Amino acid sequence: MDLIYHHDTTVDEKLYSRQLYVMGHEAQRRMMSSRAVVVGLSGLGVEVAKNIILAGISSVVLCDPEKPNSFDLGGNFYLTEQDVQQQTEGKSRAELCQSKLAALNEYVKVEVASE
């Protein structure tokens, strides 16, 4: 694995090669030290979360206490029909999407906001 070490921030050059080509190492290091909160994981929110996780932000907090419904299946590609049918478990959209989003980039900490 090709890694570059600068100011306690390691950049995985293979994982972020496209971004390094466009933005450079300094911009990627700044991105890797940034944090974000994504409020709402309907179609747009989950797409934003996916993109910033793939970009290599440091950490993301997902905030969406709503339970999934059938309308979510048209926009949130991380939710399944089974998620909608099993609302008895009481999991929110954020809780259901967290592990799938976290799997996109091992370097990004993905958390669910507590109530």
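Computed from the coordinates by the stated procedures, all read-outs in this text should not be read as laboratory data. Since the structure is predicted, the reported quantities are computational estimates derived from the model, not experimental observations. Cβ placement follows ideal geometry from the backbone for every residue including glycine, while neighbour counts extend to all protein chains displayed.
Among residues other than residue 70 whose Cβ falls under 11 Å from its Cβ, what is the net charge (Lys/Arg +1, Asp/Glu -1)?
Around residue 70, the surrounding residues sum to -3.
Net charge around residue 59, counting only other residues with Cβ within less than 10 Å of its Cβ (Lys, Arg = +1; Asp, Glu = -1)?
Charge balance in the 10 Å sphere: +1.
Between residue 91 and residue 10, how many nm apart are label points set 7 Å from Cα along the C-beta direction?
3.0 nm
On a full-extension model of 0.36 nm per residue, what is the gain between residue 111 and residue 54, subtracting their alpha-carbon distance, rounded to one decimal in nm?
My answer for the length gained is 19.0 nm.
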